[in-house]
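Visitor: Sending over a structure as structure tokens; questions will come in a sec.
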Amino acid sequence: GEVGDGLVVLRTDSTGGVLWTRQLAEGDNDEGIYDRSLAISGDRILMGGYAMGPNTATRDGLLHVLDLDGNVLAQRLIDVGFNSNAVHTVNATADGGLIAGRATGEGSYDMLLMKVDQDGVVQDSWSYGSTGWDWAYEAIRCTDRGMALVGYGDDVGGPAPSAYLVRTDSLGQELWARGVDGASADEGYTVLEDSVSGDLYIGGRTLGMGTPGTRGFITKFTASGT
């Protein structure tokens with residue numbers, strides 16, 4: 001969570017009793033979190049978010065690394081293109097985590113996908129997007145070692161902003177991308193793979209602009225993007 005100008009993370013036991021609490025801060029910056037920004041990989045806690053202040057390029061992605069006893073091992077600012085960007089979610093992998101967020105792009109922002117190791121060191125970084133404003137909310141590793149990234153795109157088909165799904169190979173090369181456009185502006189927040197068929201499910205919501213107002217949705221894609 002957020003506290004003052006920084007972040008706080010706590011660990012409980014199986015009954016909900018608090019084992020420890022840590023407040024985190026990075027220099028003179030204000031820090032915050034967006035979505036599900038906490039992941040456990042091995043004996044490391046990865047906590048993502050953003051930092052704003054004199055030590056950033058407007059807004060930087062932020063990654064805190066702790067051990068399971070709450071000791072802070074690293075605090076990393078992630079700048080992409082010397083412009084405003086952020087970490088929206090972190091999902092654990094066997095050897096670290098996948099970061100979904102936003103980075104500088106053609107239409108102001110592109111979808112950001114990063115792979116980090118258990119110490120929070122960036123191993124690979126990719127961006128995907130249209131000519132409009134795009135950003136990512138969640139990334140997962142698929143059974144074929146490729147990745148799926150879901151978010152929001154301005155110019156991916158349809159008259160309104162769309163939920164946006166990108167499927168990559170194991171090297172981060174885009175295999176296909178799809179926009180999901182309803183009667184209103186839509187955002188995709190989460191993605192899940194069927195490990196047997198390779199089908200992908202995304203969940204999200206409309207933004208309440210026009211008919212039918214704010215609603216949730218689930219959309220299913222085959223492994224080839226249909």
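Visitor: D for region 66-139, whole µm²/s, Stokes-Einstein with Kirkwood Rh over alpha-carbon pairs at 37 °C and 0.692 mPa s: what number?
Guide: 257 µm²/s
Visitor: Mind checking the per residue accessible area of region 112-226 for me, 1.4 Å probe, whole number of Å²?
Guide: 44 Å²
Visitor: Stick to the Cα atoms of region 101-226, pair each with every other, and give me the Kirkwood hydrodynamic radius in Å at one decimal.
Guide: When all Cα pairs of region 101-226 are included, the Kirkwood radius is 14.6 Å.
Visitor: Next up: If you average 1/r across every pair of different Cα atoms in the chain and take the reciprocal, what Kirkwood value do you get, in Å?
Guide: Here the Kirkwood hydrodynamic radius works out to 18.0 Å.
Visitor: Per residue, how much accessible area does region 1-104 show when a 1.4 Å probe rolls over the protein heavy atoms, in square angstrom?
Guide: With the other protein chains kept in place, region 1-104 gives 44 Å² per residue.
Visitor: For a Förster distance of 35 Å, can you work out the FRET efficiency between the beta-carbons of residue 95 and residue 12, rounded to the nearest 0.05?
Guide: 0.85
Visitor: If 218, 40, 33 are ordered by their accessible area, calculated over protein heavy atoms with a 1.4 Å probe, which sequence runs from highest to lowest?
Guide: 218, 40, 33
Visitor: Could you let me know the centre-to-centre spacing of region 78-119 and region 1-77, using Cα atoms, in angstrom?
Guide: Taking the Cα centre of region 1-77 as reference, the centre of region 78-119 is 16 Å away.
Visitor: Given Cα pairs under 8 Å that are at least 6 residues apart, what percent is the relative contact order of the chain?
Guide: Normalised by residue count, the contact order of the chain is 10 percent.
The values are calculated or read from the model by the stated rules, or taken from the named source; none is laboratory data. What you see is a predicted model; the values in this text were computed from it and never measured. Virtual Cβ from ideal backbone geometry, glycine too; neighbours counted across all protein chains shown. Protein only, heavy atoms only, side chains kept; ligands, DNA and RNA dropped before computing areas. Shrake-Rupley method; radii C 1.70, N 1.55, O 1.52, S 1.80 Å.
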